[in-house]
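Data first, discussion second: the structure below is written as C-alpha cells.
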Amino acid sequence: MYRLPDSRRFKNRVMLLIIIAVSILYVTPLISIIYTAVEKGGTTLVEAGLSFLTDLPPTPLSSGAGGIAPALVGSLLASILAILISTPVAFLMAFYVTEFPRHSLSRVCEVVVRSFSGVPSIVVSMFVYSTVVISMGRQSLLAGSLSLSIVTLPYAYVYFTSAFRSIPESLREAAMSLGMNRAGALIHVYVGVLRGSIVTGLLMSYVRAFGDTAPLLFTMGFLMNAVFAGVLQQSNAIPLNDIRIRAITLRELP
Amino acid sequence: MSAYIVEVEDLHLRIRGAEILRGVTLRVRRNTIFVLMGPSGSGKSTFLRTLNRLIDFMDGVEVRGSVKVLGQDIYSVNPYDLRRKVVLVSQEPNPFPHMTIYDNVALPARLNKVVKSKQELDDLVRWALEKVMLWDEVKNRLRNYPHTLSGGQRQRLCLARALAAKPEVLLLDEPTANIDPVNTIKIEESLKSLRDEVTVIMVTHMPHQAVRVADHVALLHSGVIVEEGPAVEVFMNPKKEVTNEFLRGAL
C-alpha cells in the first residue's frame, strides 16, 4: 500500500491545525454574540414574558421592563412595505433586461441599479428626507419604507436577473413556439418555473430591509407612545432602538 | 384555397453576415408529411424557425425572399398569431416542469381559446395524448409532473401539447434525435395518423427516418435545396449525386 512521505504528512497536519485554529477564531465572535444576546435578551424575555413584544417602551414614570412593540411592528411593516415597492420593480426590470438586453432602456436599468448599489444607505436616507419627509412635513413609515426599498432594489434586481438567465432556452422556445408573447410567457411559464427563486428573492430582500439602520435614520421617526400611528405618521424600528441604546450607553460611560 | 399551405420562394437568410440559406424554394401541400432532410449544419433547423418567425429572436438576422404560410406573407401578419397556427416542437423535450401532464397539454388550448368548456378541454387533452400514443401510459397520473416521465414520453407529451393548440402546420425539429427506438417508432406512427388533422414539416438528418414517414422530401445541403419530390421517387431514383451520397450515409 502506498504511504505518503513523512514531509507531506507533516505539512498536511500543520495545515489542518491552521485551518482548525482559523475556523475557531472566525466562529468565536459569532458564538459570543449569540451567547450574549441569548443570555441578556433571554433574561429580559423570561422576566417580562410575552408582554415584552406587545408593550410600549418604558417611560421614566412607568414600572416594569416595558416592551418593543412599536419597534417590532414598525420594522415588520416597513420591511413589508419596502419589498412590496422594490420587489415588483426589480422583478420587472430583471425580466426586461433579460428579454431585451440590447435595448437602450436595458442599459439605463443597469446604470440605475449600479448607481443605487454604490450609494451609501445614509445618503439614501438623506435623499428621501430632502424629498419625501420635507414635502410631507414629517417623518413617516412610508418615508422609511421608500428609503429601504431603494436600498433593497439592487439586491433583488441582481438576484432576479440571475434567476431569469437560468431559465433554459428550451423553455423560452417552447413558450414562444406555442404563440405566447413575452408577457404571456412571463405569466404562464417563467413565474411558475421561478417560483422558488421568487420566494427566496422576497425573503432575502425582506431580511435585508429588516436589519438595515441607516436608511431609517432621517426618515422613520421614533414613535414611542403608540404601536402604530398610520403609514403617513412616524413609526419606529428595531435597528433604531439599538442605535439609541448604544448612544445612551456611550453617554453613560465615564 | 391553395393546395399549398407553405410556399417559399427564393429565401435567403443570413445570420450575423454568414449566409445560411441560399435561395431556398419549395412548396408544401396540405395534409402531407414533408420531410426536409440533410446533413448536420445544412440549415434545416434555421429554415424551420423561419417559417414561424422564431428566427426573429436571434440577433443579426437578415431575411430576403418570400415565405407564405396559409396564403399570407409571414411578415405581414402578427407573429404571435402565426405561431399559434404554425407550432414548433423542438429537438430537446421541453415540457413545462412546473405544470402537471394535464396542464402542459391543456395550456395552449386555453391560451388559444380552442375549447369552450371544461369537458371540451378534458376531451381535447385525451385526444391529443391518444394521438401520440401516450394516453394509456399517463391516464392515471395526469396530475403528475413531467419529470416522472421518460425522455421519450416527455417528447410525446410535447407533441401532444403542440397538437392541443390545433395548429394548421406542425414543425418538428428532429423530434426523435434524443430518444430511444421504441418511442421513436411511436412518434413516427403518431405522425402518420396526424396527416388528416395537420400538415407536418419535419426535419431530420436520418435518411431511414425520412423513408419511413415522408410523403414528400427535399434535401437541403449547404443552404440550398439540392433535390425534392415525392418520397418514393427521390429514394428510389435520386437524380443528384449529393442525394445519393446522403441516402447512403456518406454525407
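Only the coordinates and a few stated rules stand behind these numbers; no lab work does. All values derive from a computational prediction rather than experimental measurement. Note: ideal-geometry Cβ built from the backbone for every residue, glycine included; neighbour counts use all protein chains shown.
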> How about the stretch A:17-64: which chymotrypsin sites (Phe, Trp or Tyr not before Pro) there are in a DSSP loop, with at most 16 other Cβ atoms within 10 Å of their Cβ?
Replying inline: none
> All other residues with a Cβ under 10 Å from the Cβ of B:Asn52 taken together, and with Lys, Arg as +1 and Asp, Glu as -1, what is their net charge?
Replying inline: +4
>> Output wanted: per-residue J couplings in Hz (rounded whole) for the stretch A:188-198, from phi through Karplus 6.51 cos²θ - 1.76 cosθ + 1.60, θ = phi - 60°, x for Gly and Pro.
In response: 8, 10, 5, 4, x, 5, 9, 4, x, 5, 5
> When only DSSP loop residues count, what trypsin sites (Lys or Arg not before Pro) in the stretch B:86-139 have their Cβ near at most 11 other Cβ atoms within 10 Å?
Replying inline: B:Lys113, B:Lys116
> Taking the Cβ-Cβ separation of A:Ser130 and B:Asp196 as r and a Förster radius of 51 Å, what is the calculated FRET efficiency to the nearest 0.05?
Replying inline: 0.10
> Which whole-Hz ³J(HN,Hα) couplings does the stretch B:129-134 yield from phi under the Karplus relation 6.51 cos²θ - 1.76 cosθ + 1.60, θ = phi - 60°, glycine and proline marked x?
Replying inline: 5, 5, 4, 9, 6, 10
> How big is the charge dipole of the stretch B:111-251 about its Cα centre, in debye rounded to the nearest 20, if each Lys and Arg gets +1 on its Cβ and each Asp and Glu gets -1 on its Cβ?
Replying inline: 640 debye
> For A:Ser170 and A:Ile122 in the same chain, what is the full-extension length gain: residue separation times 0.36 nm, less their Cα-Cα distance, in nm?
Replying inline: 12.9 nm
>> How much of the DSSP bridge set in chain B is antiparallel, in percent, rounded to the nearest 5?
In response: 60 percent
> Hey, got the dipole for chain A? About the Cα centre, +1 on K and R Cβ, -1 on D and E Cβ, debye to the nearest 20?
Replying inline: 860 debye
> Tally Lys/Arg at +1 and Asp/Glu at -1 over every other residue whose Cβ is under 11 Å from the Cβ of B:Glu9; what's the total?
Replying inline: 0
>> On a straight-distance basis, which lysines could pair with B:Lys240 in a cross-link, Cα separation under 25 angstrom, same-chain partners fewer than 8 positions away excluded?
In response: B:Lys44
>> If R₀ is 41 angstrom, what is the calculated FRET efficiency for the pair A:Ala226 and A:Ser115, using the beta carbon separation as r and rounding to 0.05?
In response: 0.65
>> Please list, in order along the stretch A:113-127, the HN-Hα scalar couplings obtained from phi with the Karplus expression 6.51 cos²θ - 1.76 cosθ + 1.60 (θ = phi - 60°), rounded to whole Hz, x for Gly and Pro.
In response: 5, 5, 5, 4, 5, x, 7, x, 5, 5, 5, 4, 4, 5, 5
> Of the residues A:Thr44, A:Thr36, A:Thr54, which exhibits the maximal mean-square fluctuation in a Gaussian network model of chain A defined by a 10 Å Cα contact cut-off?
Replying inline: A:Thr36
> Given springs between every Cα pair under 10 Å in a Gaussian network model of chain A, which of A:Val97, A:Val199, A:Val231 has the largest fluctuation?
Replying inline: A:Val199
>> With +1 on the Cβ of every Lys and Arg and -1 on the Cβ of every Asp and Glu, and nothing else charged, how large is the dipole of the protein assembly as shown about its Cα centre, in debye rounded to the nearest 20?
In response: 580 debye
> Projected onto the charge dipole of the protein assembly as shown (+1 at Lys/Arg Cβ, -1 at Asp/Glu Cβ, origin at the Cα centre), which of B:Trp127, B:Gln155, A:Ser75 gives the Cα projection farthest towards the positive end?
Replying inline: A:Ser75
> Which one of A:Pro5, A:Phe218, A:Tyr96 is farthest out on the positive end of the charge dipole of chain A, using unit charges on Cβ (Lys, Arg +1; Asp, Glu -1) and the Cα centre as origin?
Replying inline: A:Pro5
> Applying 1/(1 + (r/R0)^6) with R0 = 22 Å to the Cβ-Cβ distance of A:Val27 and A:Val207, what FRET efficiency is obtained, to the nearest 0.05?
Replying inline: 0.55
> When chain B is modelled as a GNM with alpha-carbon springs shorter than 10 Å, which of B:Val86, B:Val115, B:Val28 fluctuates the most?
Replying inline: B:Val115
>> Which one, A:Leu25, A:Gly41, A:Val14, is farthest towards the positive end of the dipole of the stretch A:6-48 when Lys and Arg carry +1 and Asp and Glu -1 on their Cβ?
In response: A:Val14
> Any idea how far apart B:Ala18 and A:Leu53 come out in nm if each label point goes 7 Å out from Cα toward Cβ?
Replying inline: 6.2 nm
>> Given the -39500 (n - 2.57) contribution per DSSP H run of 4+ residues, what per-residue ellipticity at 222 nm results for the protein assembly as shown, rounded to the nearest 500 deg cm²/dmol?
In response: -16000 deg cm²/dmol
> Using alpha-carbon positions, what is the distance between the centroids of the stretch A:60-128 and the stretch B:58-116, in Å?
Replying inline: 39 Å
